[in-house]
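J.: Before I ask anything, here is the structure I am working with.
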Amino acid sequence: YRAFMMKRDGFSLLTMGFTGDKALNWKLKFISTFTAMEDTLKNNADKLEWKQARLQGKAVRKSVTDCIADFVEYAKAQGSKNAANYYANITKMEYAALELIEKGQKVPSSFRETLDTMQLCALTMAEEIAKRAIKDGMQKQLHYKEIYELAKERVIAYAKTINIGRIE
């Protein structure tokens, strides 16, 4: 049998020259099927990028929670009675700064699973910025409340440079 190697454009050009009712139906099915295939490939690529961003975010989150654990002990040593709340407070501050949630909004369980790739990447960066601010503040032996404010200022400054927000 004779065979021809063709790309989509060549195949489309050839088949779009066919005429008649059967050809029209075939052309419509071809266009629909090819579009569906492209959409599937794009979605799978997006899912792969999302999974990568999520994995990176989890690794950063682990280092951030380790840093916050040190910060909690630091705050307790300075007399804080509610230092354990910094895990949630810092996280909510990051979410609010990035406009992923409304200020004061309750964060649903598995919230990060609802974020898109860009939001996950932005959050990962915000967490890294907060972690560095906390380490800097502790190294400079600042008061624990000043350290929280330093982290907040830096995260907000970062958030102002990007505009991702929560897409509903």
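The values are calculated or read from the model by the stated rules, or taken from the named source; none is laboratory data. Just so it is clear, the structure is predicted and the values come from calculations on it, not from any experiment. Because the Cβ atoms are built from the backbone with ideal geometry, glycine has one as well, and the counts that use them run over all protein chains shown. All accessible areas refer to the heavy atoms of the entire protein, side chains included, with ligands and DNA or RNA removed. Shrake-Rupley method; radii C 1.70, N 1.55, O 1.52, S 1.80 Å.
J.: Karplus couplings for region 94-109 from phi (6.51 cos²θ - 1.76 cosθ + 1.60, θ = phi - 60°), rounded to Hz, Gly and Pro as x?
T.: Those phi angles translate into 5, 4, 5, 4, 7, 6, 7, 9, 6, 4, x, 5, 6, 8, x, 5 Hz.
J.: Over region 92-153, what is the relative contact order in percent, taking alpha-carbon pairs closer than 8 angstrom and at least six residues apart? Before the final figure, lay out each step's value.
T.: Numbers: 33 pairs, mean separation 18.8, N = 62.
About 30 percent, as a whole number.
J.: Between the helical axis of 117-139 and the dominant principal axis of the chain, each derived from Cα atoms, what acute angle in degrees is found, rounded to the nearest 10?
T.: 20 degrees
J.: Would you mind telling me the share, in percent, of accessible area of the chain contributed by carbon and sulfur at probe 1.4 angstrom? The partial results should precede the final answer.
T.: Working: 6520 of 11670 Å².
Answer for the chain is 56 percent, counting heavy atoms of protein chains only.
J.: For helix 144-161, what angle does its Cα long axis make with the longest principal axis of the chain, in degrees from 0 to 90 and rounded to 10?
T.: Taking the Cα atoms of the chain, the angle to 144-161 is about 20 degrees.
J.: Based solely on its DSSP helices, what 222 nm [θ] is calculated for the chain when runs of n ≥ 4 H residues each add -39,500 (n - 2.57) and the sum is averaged over all residues, nearest 500 deg cm²/dmol?
T.: Rounded to the nearest 500, the figure is -24500 deg cm²/dmol.
J.: Given a cut-off of 27 Å, name the pairs among K27/K51; K106/K140; K58/K106 whose C-alpha atoms lie farther apart than that in the structure shown.
T.: Numbers: K27/K51 36 Å; K106/K140 33 Å; K58/K106 21 Å.
Result: K27/K51; K106/K140 exceed 27 Å.
J.: Still on this structure: Note the full-extension length gain between E153 and T35 as 0.36 nm times their separation in residues minus their Cα-Cα distance, in nm to one decimal.
T.: Values: separation 118, 0.36 × 118 = 42.48 nm, distance 4.61 nm.
Fully extending the segment from E153 to T35 adds 37.9 nm.
J.: Provide the per residue accessible area, probe 1.4 Å, for region 1-76, rounded to a whole number of square angstrom. List each step's numbers first, then the result.
T.: Working: 6160 Å² over 76 residues.
Normalised by residue count, the accessible surface of region 1-76 is 81 Å².
J.: Excluding residues on the same chain fewer than 8 positions from K29, give the lysines whose Cα lies under 25 Å from its Cα.
T.: Within the straight-line cut-off, K29 pairs with K7, K42.
J.: Given springs between every Cα pair under 10 Å in a Gaussian network model of the chain, which of G17, G104, G137 has the largest fluctuation?
T.: Answer for the Gaussian network model of the chain: G17.
J.: I'm spelling it out carefully: the read-out is Kirkwood radius over Cα pairs in Å, the candidates are (i) 16.8; (ii) 19.5; (iii) 17.5, and one was derived from this structure. Which label?
T.: (ii)
J.: Within straight cross-link reach of K62, meaning Cα distance under 12 Å, which aspartates and glutamates are found once same-chain residues fewer than 8 apart are removed?
T.: Of all the aspartates and glutamates, those that pass the test against K62 - Cα under 12 Å, at least 8 places apart if same chain - are E127, E128.
J.: Just want the answer: with Cβ charges of +1 for Lys and Arg and -1 for Asp and Glu, which residue in A75, L55, N163 is farthest toward the dipole's positive end in the chain?
T.: L55
J.: Under unit Cβ charges (Lys, Arg +1; Asp, Glu -1), what dipole magnitude, rounded to 20 debye, does the chain have relative to its Cα centre?
T.: Details: 28 positive and 21 negative charges, 64 e Å.
Around 300 debye, computed over the chain.
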